[in-house]
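The values are calculated or read from the model by the stated rules, or taken from the named source; none is laboratory data. As the structure is a prediction and not an experimental result, all values here were calculated from the model. Glycine also receives a Cβ, built like all others from the backbone with ideal geometry; neighbour counts cover every protein chain displayed. Each accessible area value is taken on the protein alone, full model and side chains, heavy atoms only, with ligands, DNA and RNA left out. Shrake-Rupley method; radii C 1.70, N 1.55, O 1.52, S 1.80 Å.
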Amino acid sequence: MANTDTNSLKLPTALDPGGGAPSATTGTAASATAGSNSNSSRKSPLENLVHTHRLRGSPSTAGGGGAHEQNNDGGDDEEDEEDEDEDNVKPDKWWKIHLFRGMINDIRRRAPYYWSDFADAWDYRVVPATVYMYFANIMPALAFSLDMFTKTDMQYGVNEVLLASVLGAVVFSLLACQPLVIVGVTGPITVFNYTVYDIMNPTGTNYLAFMCWIGIWSLIFHWILAITNSCNWLKYVTRFPCDIFGFYVACIYLQKGIQVLERFGNDSPFYLSVAVALLVFMIAYACGELGGASPLFWHPVRVFLKDYGTPLTVIFFTGFVHFGRMNEIELEKLPTSKSFFPTADRGWFIHFWDIPVSDVFLAIPFAILLTILFWFDHNVSSLIAQGTEFPLRKPAGFHWDLFLLGLTTGVAGLLGLPFPNGLIPQAPFHTESLCVTVAVTDTDEAGEEKGHYSYKPTHVVEQRVSNLAQGLLTLGTMSGPLLVVLHLIPQAVLAGLFFIMGYQALEGNGITAKILFLCRDKALTPPSHPLRRIRRRAAVWWFVALELVGFGATFAITQTVAAIGFPVFILALIPVRALLLPRLFTPEELGLLDGPTASPFTLESVGGSYGHSEHQQPQDEGVTSSSSDGTGRARAGEAVFGSRKSAEDRAERGRAGPETSREKSNDVEMARVPTNTSTVSRRTQPGRSGGE
């Protein structure tokens with residue numbers, strides 16, 4: 001690539017929205033400028049401004065343009081001619097499918113980073129992230145195993161759930177394009193499993209063989225969706241359906257915690273279990289607050305509390321119930337089986353042929369529902385784990401990961417395991433625990449310090465080792481000695497862990513943020529609050545009401561016999577956002593109330609994002625506007641370039657790799673458009689943030 005003046009504003013050719021190009025001489029530069037005017041009429045004012053700067057360069061370049069351009073030896077001409085040809089390529093119609101194209105582009109973009117994914121793991125943040133995710137993944141999984149153990153007549157137990165988590169962790173940490181996504185057993189799949197059991201058990205069908213065929217059919221459907229680039233529809237998944245689904249999952253955690261306590265009756269074990277669960281919640285919450293923006297204690301102490309507070313709380317209260325007179329009260333423990341053996345008296349490989357042929361085809365509609373659930377649940381987990389609040393630098397790959405998800409679903413069915421998929425809220429917790437942050441002092445409008453500070457992420461330690469390590473630790477948990485330790489954990493501790501994780505998910509949810517905004521005193525709400533820029537306050541009320549209706553309908557259907565069909569209802573939230581909401585709200589209101597879940601850089605795998613135009617400024621979780629390096633750069637990049645040109649087309653032409661991505665990030669940073677935005681920091685949760 002030719003050398004360029006560091007003062008000139010040169011945008012990367014892979015992202016250039018204009019049709020003109022700087023010429024090799026001053027005269028041809030003028031003609032190029034004139035020639036671009038016809039194209040400028042079809043561009044937005046913002047694109048014209050950036051395009052004009054690109055042609056004219058900086059004042060220093062304009063003064064010595066001839067000498068400077070001659071030193072380029074025509075390199076810019078060749079690049080810009082190629083860029084002009086690419087700009088004339090129109091995106092294909094939605095019904096034209098290029099088989100395998102998305103998967104190939106995902107691998108092409110991510111492959112250059114594979115070895116760095118291991119080299120970059122030489123960082124302190126990997127250690128606390130591994131420990132935290134081990135406990136954050138295994139504890140809810142154990143509680144879900146208890147739920148399925150009791151509701152499926154011991155078909156699924158601790159070992160099945162642990163092995164399913166290991167399968168997902170190993171496959172996705174080693175082979176996925178998005179290794180930060182934590183994969184395991186979720187609340188929705190728990191509901192799906194015991195609902196299928198309730199439906200099929202009266203028929204006398206072999207339950208595990210039937211679930212195996214659901215997994216096999218679902219594998220086929222996953223692969224069809226991956227091959228046909230179905231993840232391109234993720235561009236229509238905004239914060240609206242993600243917040244509703246995240247709110248639902250958070251409430252599922254709280255519900256499961258209450259259900260665990262309900263099993264203890266009304267005697268002494270019940271009251272002690274309630275006290276232990278609440279103490280686990282309060283201590284874990286206190287560790288998160290002290291380790292967050294609190295001014296108390298030294299920095300190493302705060303970091304220790306933030307990283308290890310929740311795991312140490314679980315360990316402490318496992319022994320706490322044996323102190324004094326509490327030792328006389330018999331609490332319910334977690335049921336376990338022999339190490340590395342299934343819970344029921346069977347082998348690991350399911351005899352899937354031991355089932356009537358009619359039931360083989362009866363499994364198809366169940367597999368379709370499972371595929372719909374996983375397509376939405378896993379992809380939303382991936383989007384949230386790579387949200388706009390995280391300054392990520394490595395590309396994503398949704399098509400290839402959907403292919404891998406089909407593989408793990410089929411293998412899990414053959415082994416008689418619960419089907420694993422992306423976890424909410426563990427996936428975004430993992431990314432946040434890998435953030436390296438710096439303390440930033442808050443200032444008022446006059447520029448004076450307010451006396452308190454917040455944490456700003458500088459970068460994320462993007463690697464594969466923490467996900468792999470927590471998976472291997474989970475595998476070690478299936479050994480005899482550790483199963484004995486697991487059997488000592490009171491179920492009340494698991495209920496407390498459900499409460500703290502449900503609270504964390506609710507606190508960081510966009511619906512919660514909007515409700516808190518509406519409940520605040522207007523006189524005490526900062527003028528810089530993003531939602532105050534909405535002229536119609538009723539628009540915020542209506543938007544929150546629609547989100548709560550969507551959540552209520554989703555939650556209600558899972559409490560009935562029709563719970564098996566709730567994936568269809570969740571998927572219906574996407575067309576509701578794309579077709580209905582634009583009729584009820586103005587583009588400016590939607591830009592503040594909603595927005596893309598991930599940055600345009602992350603969504604290159606699916607061809608860009610939806611719901612973000614030049615006149616919109618979508619806010620993180622409905623309330624947050626950030627000018628930090630990941631968020632500000634991503635939003636400015638999309639505001640400048642939009643999504644007129646398919647990102648898949650750029651990737652297919654080889655515009656990928658570490659050097660290209662770094663150049664793109666730097667160049668888009670130069671093209672950032674100044675905006676009057678403010679950063680609304682979200683409090684750090686236990687183990688969810690990196691060191692300062």
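Annotations for the structure displayed:
- Per-bin percent of Cα-Cα distances, the range 194-319 [5 Å]: 2, 8, 9, 10, 11, 13, 12, 13, 12, 7, 3, 1, 0
- Among Thr186, Ala176, Leu272 the positive-end extreme of the charge dipole of the range 137-283 (Cβ point charges): Ala176
- Taking amide hydrogens as placed 1.01 Å from N in the peptide plane, the amide H of Ala293 sits under 5 Å from those of Thr684, each at least 5 positions away in sequence or on another chain.
- Stokes-Einstein diffusion for the range 531-583, with the hydrodynamic radius set to the Kirkwood value over Cα pairs and evaluated at 20 °C in a medium of 1.002 mPa s, equals 171 µm²/s.
- For the range 387-432, the calculated P(r), taken from all Cα-Cα distances in 10 Å bins from zero up to the bin holding the longest distance, is 22, 41, 29, 8 percent.
- Accessible surface for Leu506 stands near 40 Å², nearest 10, in the context of the full protein assembly shown (1.4 Å probe).
- Note on surface exposure: Lys338, Lys456 rank Lys338, Lys456 by accessible area, highest first, 1.4 Å probe.
- Close amide H partners of Val440, meaning residues 5 or more places away or on another chain with modelled amide H under 5 Å apart, are Ser454, Tyr455, Lys456.
- Rounded to the nearest 10 Å², the accessible area of Ile329 at probe 1.4 Å: 50 Å²
- Measuring r between the beta carbons of Arg346 and His98 and using R0 = 56 Å, the FRET efficiency lands at 0.80.
- Percent of Cα pairs exceeding the 15 Å cut-off, where the set is the range 130-210: 59 percent
- Computed over protein heavy atoms with a 1.4 angstrom probe, the accessible surface ordering of Trp223, Trp400, largest first, is Trp223, Trp400.
- If you plug the beta carbon distance of Phe555 and Ala119 into 1/(1 + (r/R0)^6) with R0 = 51 Å, you get a FRET efficiency near 0.70.
- Loop sites in the range 232-322: chymotrypsin sites (Phe, Trp or Tyr not before Pro), DSSP, at most 12 other Cβ within 10 Å: Trp298
- Exposure ranking of Ile372, Ile424 by accessible area [1.4 Å probe, largest first]: Ile372, Ile424
- Karplus 3J(HN,Hα) series, Hz, for the range 297-302 with 6.51 cos²θ - 1.76 cosθ + 1.60 (x for Gly, Pro): 6, 6, 4, x, 5, 4
- At the residue level, Val237 shows approximately 10 square angstrom of accessible surface with a 1.4 angstrom probe and all protein chains present.
- Size of the range 85-233 from its Cα atoms: along the principal axes, largest to smallest, the extents are 63, 46, 18 Å.
- Over 27 Å (Cα to Cα) - which of Lys151/Lys514; Lys306/Lys338; Lys96/Lys394; Lys235/Lys514; Lys256/Lys522; Lys235/Lys306 fall in this group: Lys151/Lys514; Lys306/Lys338; Lys96/Lys394; Lys256/Lys522; Lys235/Lys306
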